[in-house]
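One structure below.
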Amino acid sequence: MIMVSPPDEEGNCSLGVSVDYTISGSLAAGRVIAQVNRHMPRCHGDCFLHVTDLTAIVEHDQPLIELQPAVIGETERAIGEYCASLIHDGDCLQLGIGALPDAVLNCLGCKNDLGLHTEMFSDGAVDLIRAGNINGRRKTLHTGKHVATFLMGTRKLYDFVNDNPSIYMAPVDYVNNPLIIAQNDNLVSINSCVQIDLSGQVCSESVGLRQISAVGGQVDFIRGAALSRGGRSIIAISSTASGGRLSKIVPVLDEGAAVTTNRMDVEYIVTEYGIADLKGKSLRERARALIQMAHPSFRDELWAEYERRFREHRPAIAV
């Protein structure tokens, strides 16, 4: 059961804002029931089904679910500025959803010729595309196109992508394929997580044993960025959770927490306190760099763990 835009004169229906797994599932299914919704944008790309691929059509118009932009506070603005300092003119971006990606986008108004090859994007990208900061001009794959596999935002986004030839929607097994991602030079992936331990292991999908999310495209894009010529990957997080009661940088991940991204894949970690480059660093160097990025309220206990684990006193440079 899927939702599509009305068919064009040739009988082609667009999957609109949700191509991801939908197109593969539809082509493999024995029966496909399609809701034809005039509110579904007609997106361009590898995202069309012909009416002959559909078993039945139900015409019913209803507004799409909207996701309002997240509130950006001082912490998010600081993280956005640090992330923006790692982004250069001509880079190709992968961004997630929420306050942190929007904060990064808000800090990119001085950058030029940026591109998008991303699992999804939301309202935050629209203004930069309209202003010409994101134009895809220097992309080495799908030049001039903004590539995604699904979209979520407000009516502003849905109206913008409707019949917009610069938007290229494609299935997730193409968009998220690391070998495809890597064909974009200077691919910068920006993702977030739940916890990071002092070795650099990243948990992005569970709180202890409680699963709160799927893996998503984080690992795909981090590895694609590593294969990209000039590529970089960023894990961007606020330093605390639960109103400041918990540190997101911890000695070890919570019991049962999943390791989403392993420590050898991690490159930059960004919090409101700065940037830690973990690529190629020893365990001692990683721990020192991460403690500097933690909230000051938790640094003493992290330094105590450092001293216990490595049998050496904290460096003189510690804050």
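Each reported figure results from applying straightforward, stated rules to the coordinates on display, with no laboratory input. Predicted, not measured: the structure shown is a model, and the values here were computed from it. Backbone-built Cβ (ideal geometry, glycine too); neighbour counts: all protein chains shown.
Relative contact order, whole percent, for the chain stands at 15, derived from Cα pairs under 8 Å and 6 or more residues apart.
Taking 0.36 nm per residue of sequence separation and removing the Cα-Cα distance, the L209/R309 pair yields an extension gain of 33.5 nm.
Counting 0.36 nm for each residue step from R284 to D46 and taking away their Cα separation leaves a gain of 81.0 nm. Along Cα→Cβ, 7 Å out, is where each label goes; now give me the distance between the ones at E59 and D127 in nm to one decimal. Simple spin-label model gives 4.0 nm for this pair. When the charge dipole of the chain is built from unit charges on Cβ atoms (+1 for Lys and Arg, -1 for Asp and Glu) and taken about the Cα centre, the candidate among G144, Y168, A103 whose Cα reaches farthest toward its positive end is A103. When Rg and the Kirkwood radius Rh are both evaluated on Cα atoms of the range 1-120, their ratio Rg/Rh stands at 1.11.
Note that the range 74-310 carries a Kirkwood radius of 18.1 Å, evaluated over its alpha carbons pair by pair. The label-point distance for M1 and R155, in a model that sets each label 7 Å from Cα toward Cβ, rounds to 2.6 nm.
Within the listed set Q292, Q62, Q218, the residue fluctuating most in the Gaussian network model of the chain (springs between alpha-carbon atoms under 10 angstrom) is Q62. Per-residue extension of 0.36 nm, minus the Cα-Cα distance of L179 and L27, leaves a gain of 52.3 nm for this segment.
FRET efficiency for the S166 to L246 pair, using the beta carbon distance and R₀ = 51 Å, is estimated at 0.75. Magnitude of the charge dipole for the range 74-310, about its Cα centre and with charges confined to Cβ atoms of Lys, Arg (+1) and Asp, Glu (-1), is about 380 debye. For the residues S213, S122, S199, a GNM of the chain with alpha-carbon springs under 10 Å puts the largest fluctuation on S213. Taking the Cα centre of the range 45-107 as origin and assigning +1 to Lys and Arg Cβ atoms and -1 to Asp and Glu Cβ atoms, the resulting dipole is close to 140 debye.
Running a GNM on the chain with Cα contacts under 10 Å, which residue among L209, L95, L302 ends up with the highest mean-square fluctuation? Top of the fluctuation ranking is L209.
Against the main long axis of the alpha-carbon atoms of the chain, helix 74-85 sits at an angle near 80°. For the range 67-109 versus the range 248-285, the spacing of their alpha-carbon centroids is 20 Å.
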